[in-house]
Amino acid sequence: MPDWRWVPDVTNQVYWERIGAFQLQEDTYGDWVAFAVKEGRFRYAVGGVQGEASFGDIVFCPPGDRFQREVLEELSFYFVTFRWRTSAAAEAGGGEAGPKPKPAGGVSVADRQRLSSNYFYMEQLQHASPERRLALAAHGFQDLWLLICIERELAAASGRPAGPDDPDMQAAALWLRQHAFGPVLLKELAAQRGCTPVQFTRRFQAALGVSPMEYVTALRLQHARTLLLETALTLDEIAEQCGYENGFYLSRVFSRKLQVSPSAYRKLHRV
């Protein structure tokens, strides 16, 4: 189980955006490494663990282990190198730290809204000086690690397995990622999984940490942010590509969730 008494001491962080392939299909590193996926999907093998990672997943690789990877869908991610150090809480008497954590492979963050918010703030640091960017972005990554620790502690206390362990709901999440920008009929999706809409929402929330519509909203807003920065499309055109009826409704959702209007977001980040 992740141990909150240890935190990642970040030594470097680089944001890679919309890559179609890795420069190296495999590599080894002298420090701990994490790939935190913001958009897209890739296949990995590390430490005897294989899997696929997409938004919501952070893939860890221990020092010296061979990290094999292949892009499956155009990928944007944070590449983080770090070392473990004891947390301030442990040093202040919160309990003796056990062995250093040894995560290898993918770890899922259930709270997608918190994850999306962290990525939003980390993204805004790209224009800061290198020293400030690293120092502040390190806090963002440490927050993600502590969030993982909290989620695992709560799972253990409730007696259920940690992380998204419902294969049907993982399949449903994959379907939502593939169809998030079109009409999403949860009643039909629930029926495909043999559930009522209420049962489906409860199972999805237990497995992914958010409701199905919150999951879809996070995917749509992530896509909207990309289109705002990389195209000259109008808000109505962006709304249409993200699954919303019009720009007015997209603006309401965007402003409520991200605490900034789409126009202000575009003005702030475009150069």
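The values are calculated or read from the model by the stated rules, or taken from the named source; none is laboratory data. Quick caveat, the model's predicted, so the values are computed rather than measured. Cβ atoms come from the backbone with ideal geometry, glycine included; neighbour counts cover every protein chain shown. The area values use the complete protein model at the heavy-atom level, side chains included, leaving out ligands, DNA and RNA. Shrake-Rupley method; radii C 1.70, N 1.55, O 1.52, S 1.80 Å.
What's the number of the only condition in (1) at pLDDT 95 or above; (2) on the phi > 0 side of the Ramachandran plot that G48 fails to meet?
Of the numbered conditions (1) at pLDDT 95 or above; (2) on the phi > 0 side of the Ramachandran plot, the odd one out for G48 is (1).
Which of the residues that make up segment 103-139 are farther than 24 Å from C149 by Cα and either polar (S, T, N, Q) or crowded, with 19+ Cβ neighbours inside 10 Å (or both)?
Restricting attention to segment 103-139, the residues satisfying the condition of being farther than 24 Å from C149 by Cα are 124-133.
Within segment 103-139, Q124, Q126, S129 meet the criteria.
Scan segment 231-254 residue by residue and report those that are under 25 Å from R114 (Cβ atoms) and either loosely packed, with under 15 Cβ neighbours inside 10 Å or charged (D, E, K, R) (or both).
Selection gives Y249, R252.
Name the residue that is surrounded by the fewest Cβ atoms within 10 Å (Cβ to Cβ), counting only residues in segment 41-61 that are over 11 Å from the mean Cα position of the chain (by Cα) and in a loop (DSSP other than H, G, I, E, B).
So the residue we want is G48.
I need every pair where a residue in segment 242-271 that is in contact (Cβ under 8 Å) with a residue 40 or more places away in the chain has its Cβ under 9 Å from the Cβ of a residue that is part of a loop (DSSP other than H, G, I, E, B) and open to solvent by 20 Å² or more (accessible area, probe 1.4 Å), sequence separation at least 6 or different chains.
Pairs that qualify, where the first residue is in contact (Cβ under 8 Å) with a residue 40 or more places away in the chain and the partner is part of a loop (DSSP other than H, G, I, E, B) and open to solvent by 20 Å² or more (accessible area, probe 1.4 Å), are C242/F181; G243/F181; G243/G182; G243/P183; G243/V184; L268/V260.
Take segment 1-38 and flag every residue that is outside any strand (DSSP E or B) and within 13 Å of R85 (Cβ to Cβ).
Within segment 1-38, the subset outside any strand (DSSP E or B) is 1-5, 20-25, 28-31.
Selection gives D3, W4, R5, D31.
Condition first: charged (D, E, K, R), without any contact (Cβ under 8 Å) to a residue 40 or more places away in the chain and open to solvent by less than 80 Å² (accessible area, probe 1.4 Å). Now tell me which residues in segment 175-216 satisfy that.
So the first thing to find is which residues in segment 175-216 are charged (D, E, K, R), and the list is 177, 187-188, 193, 202-203, 214.
The next check asks that each one be without any contact (Cβ under 8 Å) to a residue 40 or more places away in the chain; those that pass are 187-188, 193, 202-203.
R193, R203, listed by residue number.
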